[in-house]
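The next block holds one structure in the form of structure tokens; read it before the comments.
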Amino acid sequence: MAQRLRVTVIGGGAAGFFGAIAAAEANPEVQVTLLEAGAQPLSKVRISGGGRCNVTHHCFDPALLVQHYPRGGRALRGAFTRFQPQDTVAWYRRRGVRLKTEADGRMFPTTDDSGTIVDCLMRETRRVGVTLRTQAMVKAVRQVGETFVVELKAGETLTSDRLLLATGSNPQGHRLAASLGHTIVPPVPSLFTFNIPDRALRELAGVAVDPVEAKLMVPGAKPLTQTGPLLITHWGLSGPAVLKLSAWGARLLHDARYQATLQVNWLPSRNAEQVRQDLLAAKQTVPKRAIANHCPFDLPKRLWRYWLQQVGVDDAVTWANLSKKTVNQLVDAIARGHFTIQGKGVFKDEFVTCGGVKLSEVDFKTMASRRCQGLYLAGEVLDIDGVTGGFNFQSAWTTGWLAGQAIAAPNRALSKQP
């Protein structure tokens, strides 16, 4: 009797679980072992979305979907035609988990509890016969003939016919991939907040404006622009507009040591001249009112007072006494306010990096390595990252599912380097 095909999956996160389940489901004869280094698998799934788990995004057109990936969009274009958010929704629905769509397109379980997703994935691994091993940190992997030898830190050695590397952004995963012949694009942080050394601004922590137009200016590089919500925090600026800029500008900012300038138009629906006319109109219509007590724009009062403080307008000054110079200063503050970025913060606990295994070394039809026969890769171990909104999980589900389908097939072949 022929020996069962042995598959080892390294990494107990979203991509690893999805790949392991897909492999066992596609071929019940395959023996799948899932190795998780920590005591608790799916830890990132558990904390994501503030504990609600932002499973995916309600964007069902692959051509539009790929536009949310600063790195990896081109490679994912074909992959998303085979497994996209619509397929993710259907996959969970068939297993009793329903997702809902929020106003911004993010999709969550209707329970608003990430435990629903974790429980579903854990239940599915048991149902399809995947062997899950926790606290099984992998020290090294080598290929001997057509067999992979997986050496655990505890000293145990496992052998398998095929290997799926789904270690996320963990540096150890990159070392394992490199040891098997892959090129690693150096990882740098993505999805982070901007530290702004402005004490008066930080006192506005909690103030949000939606939308703003934010322009990131890194010395020597073309400016990057995003429109969306902005949040003032105790350390500077955050919110979707900033997080998207941090993703698209991840390498630029890293190379500039996180020293840059952010220009903000707090009223993107109006240009500078329209803002000027609004200020002059207030000067005519409410000349006796204190400027501090009358903001002519639909913006937070605390933000209005911040601008007045920045340009030196006393609380008692009336609109009638508003000078031309002050009008110009307010126009600049509102339509093109400049903030000095000095360093980065983090975005909750959802650490995302750009960098990883070079994409040209992977066949995105099957997620098979072009460098090592029998090796497959999925998730954030690859040089793929999306902006905030469920896109990083979707790339994990997609690449994990494709890898699982392919890894369970009876025959394997090395995908040649193009």
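Restricted to segment 240-255, and to residues that are farther than 18 Å from Arg71 by Cβ and at pLDDT 95 or above, which residue is surrounded by the fewest Cβ atoms within 10 Å (Cβ to Cβ)?
Ala241
Would you mind finding the one in Val313, Val327, Val387 that is out of contact with any Cys (no Cβ under 8 Å at 6 or more places or on another chain), outside any loop (DSSP other than H, G, I, E, B) and aliphatic (A, V, I, L, M)?
Going through Val313, Val327, Val387 in turn, the sole match is Val327.
Return yes or no: is Asp210 in contact with a strand residue (DSSP E or B) (Cβ under 9 Å, 6 or more places away or on another chain), loosely packed, with under 15 Cβ neighbours inside 10 Å and at pLDDT below 95?
Here the answer is no, as Asp210 does not meet what is asked.
Go through segment 1-75 and tell me which helices (runs of 4 or more DSSP H), entirely inside it, have 1 or more residues that are more than 30 Å from Leu245 (Cα to Cα).
In segment 1-75, the matching helices (runs of 4 or more DSSP H) lie at 14-26.
Anything in segment 18-49 that is surrounded by 22 or more Cβ atoms within 10 Å (Cβ to Cβ) and more than 17 Å from Val118 (Cβ to Cβ)? List them, or say none.
Correct list: Ala22, Ala23, Ala24, Val30, Val32, Leu35.
Working carefully through the options Ser190, Ser160, Ser169, find the one that is modelled with pLDDT under 95, over 30 Å from Ser269 (Cβ atoms), among the small types (Gly, Ala, Ser) and buried (at least 18 other Cβ atoms within 10 Å of the Cβ).
Sole residue among the options that is modelled with pLDDT under 95, over 30 Å from Ser269 (Cβ atoms), among the small types (Gly, Ala, Ser) and buried (at least 18 other Cβ atoms within 10 Å of the Cβ): Ser169.
Please determine, by comparing only the residues of segment 89-142 that are touching a strand residue (DSSP E or B) at 6+ places or on another chain (Cβ under 8 Å), hydrophobic (A, V, I, L, M, F, W, C) and part of a loop (DSSP other than H, G, I, E, B), which one is surrounded by the fewest Cβ atoms within 10 Å (Cβ to Cβ).
Met137
Which of the residues belonging to segment 307-363 are over 27 Å from the mean Cα position of the chain (by Cα), loosely packed, with under 15 Cβ neighbours inside 10 Å and among the charged types (D, E, K, R)?
Asp314, Asp315, Lys324, Lys325
The values are calculated or read from the model by the stated rules, or taken from the named source; none is laboratory data. Since this is a predicted model, take the numbers as computed values, not measurements. FYI the Cβ positions are ideal-geometry reconstructions off the backbone, even for glycines, and counts take in every protein chain you see.
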